[in-house]
Amino acid sequence: MLVIPANASYDWDNSINIEMDSMTWGYTEKYSGDRSVFIKKYIDMEIGNNDSFVSAWELLKADVEMSRSFRKSIENNMDVMIDNSSRNVILLEIESDLSSELIGVTDEQSSILNKYEVSYDFKIPLDESGSLIWFQGEPGTDVVIDLPAGMEMIYMNGIDNVSFSESPEGTVISGKFGFSGEVFIEYSIEEEEPVPVGESTEGNETTNVTKESSSPAKNTRIGDFLDRLFSGDTDDLLKKLKSGDSELL
């Protein structure tokens, strides 16, 4: 679905939390105005019974369908890679929490807050392999990336208006996805020197080990958000909406 009302208020932000052996990518979607009507009509026509009202049951079915479509989209076009490959990245689950404000008469505008969380596992922990991690996000959307303690960022590219903060828990990177939506982070992991049995750990220093990337990360398709979440015949849906509410298109 590529036709979105131009006057619709819309915000989309990303929160990426990286651990040594796993990662979560949370999305928060906020919209109102004509866009809320547009989405309600989609749910009612394509998932519900087309009675101009979205029920709690129809919203639940939409939640399930969105999670399924989102998973398929990511599986077909992985948005996380380590050292230019997704072989070490396992997509575990996708949880969605659609706003209850979507329930009701389809023609009524609402303020909507939807949340999604995607969980990944790493077959081999980052402290045992890898030196470059890559993300594909939506260009221009806000993003916060939390790196774990012990991960030292060597180089970062792809985030506009970037800022950094340090804490005992690790480095936090904030900004917006750049025009391509691609973010590259080269890193090293602090490794503790082995301590002989019986000796004190006091005074031991950690060393930084840098593993170089073998090749530049490759580009992947940036799908429109609605195109990623909703399946179905777009042309038919637009005809339905146009015939019933042409001012939205």
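Where a number appears in this text, it was derived from the coordinates with a stated rule and is not lab data. In this text the structure is predicted, and so the values were computed from the model without any measurement. Here Cβ is always computed from backbone atoms with ideal geometry, including for glycine, and neighbour counts include all displayed protein chains.
Local charge for Leu102 was computed over the other residues whose Cβ lies under 14 Å away, with Lys and Arg +1 and Asp and Glu -1, and equals -4. The P(r) of region 113-170 has a tail past 14 Å containing 69 percent of all C-alpha pairs.
If packing is taken as the average number of other Cβ atoms within 10 Å across a peptide's residues, how do 50-62, 132-144 rank, most packed first?
On the way: 50-62: 15.7, 132-144: 20.1.
Put in order of decreasing packing, that is 132-144, 50-62.
So which of Lys115/Lys176; Lys61/Lys176; Lys30/Lys123; Lys61/Lys123; Lys40/Lys176 end up more than 26 Å apart, counting from Cα to Cα? Walk me through the numbers before you get to the answer.
Numbers: Lys115/Lys176 19 Å; Lys61/Lys176 32 Å; Lys30/Lys123 34 Å; Lys61/Lys123 32 Å; Lys40/Lys176 29 Å.
Result: Lys61/Lys176; Lys30/Lys123; Lys61/Lys123; Lys40/Lys176 exceed 26 Å.
Sorting the Cα pairs of region 1-102 by distance into bins of 10 Å, from 0 upward, gives 12, 37, 32, 15, 3, 0 percent per bin.
Between the beta carbons of Glu108 and Arg71, assuming R0 = 35 Å, the FRET efficiency works out to 0.70 to the nearest 0.05. Spin-label model, Ser180 to Asp51: label points 7 Å out along the Cα-to-beta-carbon direction sit 5.1 nm apart.
Modelled spin-label separation between Lys61 and Ser165, with each label point placed 7 Å from Cα along the Cα-to-Cβ direction: 4.4 nm. Once both labels are positioned 7 Å from their Cα atoms along Cα-to-Cβ, the gap between Thr141 and Met20 label points is 3.1 nm.
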